[in-house]
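Presented below is the structure to which this report refers.
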Amino acid sequence: MTLSQRLRDIDWIDVWLWVFRVVIILGVVIGITRKLFFGAGTTYDSSDWIDFFISGLSQGGLYALIALGYTMVYGVLFMINFAHGEFFMSGAMASTYLIASTLAASGFINEQPILYLVLVTVAAVLTSMGVSLLTERIAYRPLRRAPRLVPLITAIGASFFWQYIFRGLFGSAVKAFPVPTILEGRVNVFGLDFLKVRLIVIIVSILALIGLYLFVQKTKTGKSIRAVAEDKDVAALMGIDVDRAIATTFAIGAMMAGIAAVLWGLVFKQVIFSMGFVPGIKAFTAAVLGGIGSIPGAALGGFFLGVIEAVGPPLILEGLGAPGAHQLKDVTAFLLLVLVLIFRPQGIIGERLAEKKA
Amino acid sequence: MTTMLELNDVHAYYGKIHALKGISLNVAKGEIVTLIGGNGAGKTTTLRTICALMRPTSGAAMLNGENLSNYKASQLAAKGVAMVPEGRGVFSRMTVLENLEMGAYHRNDKAGILEDIEHIYALFPRLKERRGQVSGTLSGGEQQMLAMGRAMMSRPSLLLLDEPSMGLAPVLVEAIFSTVEEINRQGTTILLVEQNALMALQIASRGYVLQTGEIVLSDSARALQRNAMVQKVYLGIE
Ligand SMILES: Nc1ncnc2c1ncn2[C@@H]1O[C@H](COP(=O)(O)OP(=O)(O)O)[C@@H](O)[C@H]1O
Ligand SMILES: [Mg+2]
């Protein structure tokens, strides 16, 4: 074989991917080394690192809760429901404007903080579920047999639709989400110092994830959803109402988004009609990271993304001398998405997207 | 004999493809009837129309005198119709036990369901050994047993089988077919779709021969076994 023949046999995309891999790995190693051993950038003590990690975990819990909606709908319909971020937004907006601000103005919020949180959560969950069921029934169900691009574009349209509906209903200003005073400040558990709301987010999201997993694995309805995800015709022959199972899937995903909406309010203390976009994209990233279609994958992907986003910039980017590294959370998240799509498209524990039947 | 299933001049299309060109057949209560035909003859399409997974463009499938087009596929299990689909159609990411439970989805009698699961385990001891296993990891024969067991879990009065012998070793085919006979003896009416005419005609009482969407022959199984055309085309006898 002559040299020119050999050169022609080389797949240049592979070469590029290898170079890319090496650059990434070198970057990570150099960044961490410079940070930890040569004190590049700001100096953090161990309590700072624990803080980064805990805030990452709690942010990850939020991503995980939202990611479930993407992954479950993908599981039954093989469709990316880009309107899911709006299900989250609608719950946050409606519960804040209709319930939370009224209860805060009357002082109920601090007289009965637990009841307050329950009422706000019920309002958020019901709104998210209602919006999701309407979207499924009106926008998606008629397109069940259309080519895959059609529902995808419809989903983007539905996303705009709900944003403008909620803007029309409640206006475009930022609105404060009232947080009960007992949830302000920090608490010490097992020698670790938590912001109270962060701790609540971590606990509630883990409980909700476990609850959902048990529901899907153990209950008759959960099993019918899994059957529909595998084969709609055969599921129908078993007597399963496929339309109903799909609607239930949407409702459960939206319920998780509604819970996430309240937790989000507790952490960030404000809502706005456009708030669904970034968390939606991040949660979608988390679902792809974990392996879209897989419920444990979405949970894992969510926490993984949250932690990488929080710890990655100070640990790796500052070590590389990036200016204002703490503002590069989103860059880190999407870089991670690109890396996963290139090197492990099936996600951490998922099956390959391309091999899934349509 | 009372007619259980009756197809009257059923036509069905996939887009422009005329897959069924006026199928008429009937199955009496308690019978095993076989529908034989080569690849692409329209056997699966016939079963899909019976199960309301497809709508006939004209003609009707009647079950005990009721037009099946008035029902959704998901309502048929409760009407006593069960199907073992082509390629078995087990839920591969669910366990053996979960697949059997899905077969009883429309039922609410917990005790009866548990009893029937034991009954299926007695019929197919292999399934009992593997009850906790994810069914995608079963062998082809085991998956066929599971698909049949799952169909039986709905306590069907009419069982539709789509090429149960497909891809199985001859020993397994014998076992599957004798189970089909056993199921029939216990009172279930059977419509058996097969390319394996030799085996199908041995257990059936009557048969229909389907070619490119049309019934070209119908007779008792014994007469079909002796029919020159059937011998040549489907039994490989010159
Ligand atoms: N999903 C489909 N789309 C278009 N044509 C189909 C489809 N399924 C089957 N057909 C056509 O319909 C005819 C009958 O198919 P089928 O009922 O599957 O035959 P069999 O089960 O006897 O092998 C064939 O010509 C086949 O190509
Ligand atoms: Mg077929």
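Assorted remarks:
- Max mean-square fluctuation residue, GNM over chain B, Cα-Cα springs under 10 Å, options B:K72, B:K16, B:K128: B:K16
- Screening chain A for whole DSSP H helices of 24 Å or more along their axis (Cα) with average Kyte-Doolittle hydropathy at least 0.5 returns A:12-38, A:46-77, A:113-134, A:149-170, A:196-218, A:242-268, A:295-312.
- Global size of chain B: 17.3, 54 Å for Rg and Dmax (C-alpha atoms, Rg to one decimal, Dmax whole).
- Note on A:K196: lysines with a C-alpha under 18 Å away, same-chain residues under 8 apart excluded, are A:K269.
- Neighbours of A:R244 by Cβ distance under 13 Å: Lys/Arg scored +1, Asp/Glu scored -1, total +2.
- Estimated FRET transfer efficiency (B:R126, A:Y213; beta-carbon r; R0 25 Å; 0.05): 0.25
- Value of Rg to Rh for chain A (Rh from inverse mean 1/r over Cα pairs, i.e. Kirkwood): 1.02
- In Hz, Karplus ³J(HN,Hα) per residue of the range B:146-154 (6.51, -1.76, 1.60; θ = phi - 60°; x = Gly, Pro): 5, 4, 5, x, 4, 5, 5, 4, 8
- Partners for B:K128 among aspartates and glutamates (Cα-Cα distance below 13 Å; same-chain residues under 8 apart left out): B:E98, B:D116, B:E118, B:E142
- Taking A:L133, A:L65, A:L207 as the candidate residues, the one with maximal mean-square fluctuation in a Gaussian network model of chain A, Cα springs under 10 Å, is A:L207.
- For B:106-113, mean number of other protein chain Cβ atoms within 10 Å: 1
- Considering only alpha-carbon pairs that sit under 8 angstrom and 6 or more positions apart, the relative contact order computed for chain B is 27 percent.
- Between the range B:100-141 and the range A:194-223, the alpha-carbon center distance in angstrom: 30
- Whether the range B:126-174 is rounded, prolate or oblate, judged on the alpha carbon gyration tensor where a/c under 1.5 counts as rounded: oblate
- The stretch between A:L134 and A:T221 holds 29.3 nm of extra length on full extension. This uses 0.36 nm per residue minus the Cα-Cα distance.
- DSSP-assigned coil residues among chymotrypsin sites (Phe, Trp or Tyr not before Pro) in the range A:13-93, each with at most 13 further Cβ atoms within 10 Å: none
- Only beta bridges with both residues in the protein assembly as shown are counted; by DSSP, about 60 percent of them are antiparallel.
- Shielding by partners - mean other protein chain Cβ count within 10 Å, residues of B:70-82: 3
- The relative contact order of chain A, computed from alpha carbon pairs under 8 Å that lie at least 6 residues apart in sequence, is 33 percent.
- The label point for A:R145 and the one for A:E184, both projected 7 Å from the Cα toward the Cβ, are 5.9 nm apart.
- In terms of its alpha-carbon gyration tensor, the range B:14-133 comes out prolate; a/c meets the 1.5 threshold, and the first ratio a/b outweighs b/c.
- Length gained on full extension, B:S58 to B:N39: 4.5 nm, using 0.36 nm per residue less the C-alpha separation.
- Principal axis extents of the C-alpha atoms in the range B:94-155 (largest first, rounded to whole Å): 31, 20, 17.
- In summary, the lysines within cross-link reach of A:K282, defined as a Cα separation below 17 angstrom excluding same-chain residues under 8 places away, comprise A:K329.
- Mean-square fluctuations from a GNM of chain A, with a 10 angstrom spring cutoff on Cα atoms, peak among A:L117, A:L315, A:L214 at A:L214.
- Long-range amide H partners of B:R206 with built H, under 5 Å: B:I32, B:T34, B:A221
- Placed amide H near B:I215: partners under 5 Å, 5+ positions off or other chain: B:S24
Since every read-out is calculated from the coordinates, none of them should be taken as a lab result. Since this is a predicted model, take the numbers as computed values, not measurements. Methodologically, a virtual Cβ is constructed for each residue, glycine included, from the backbone with ideal geometry; neighbour enumeration extends over all protein chains shown.
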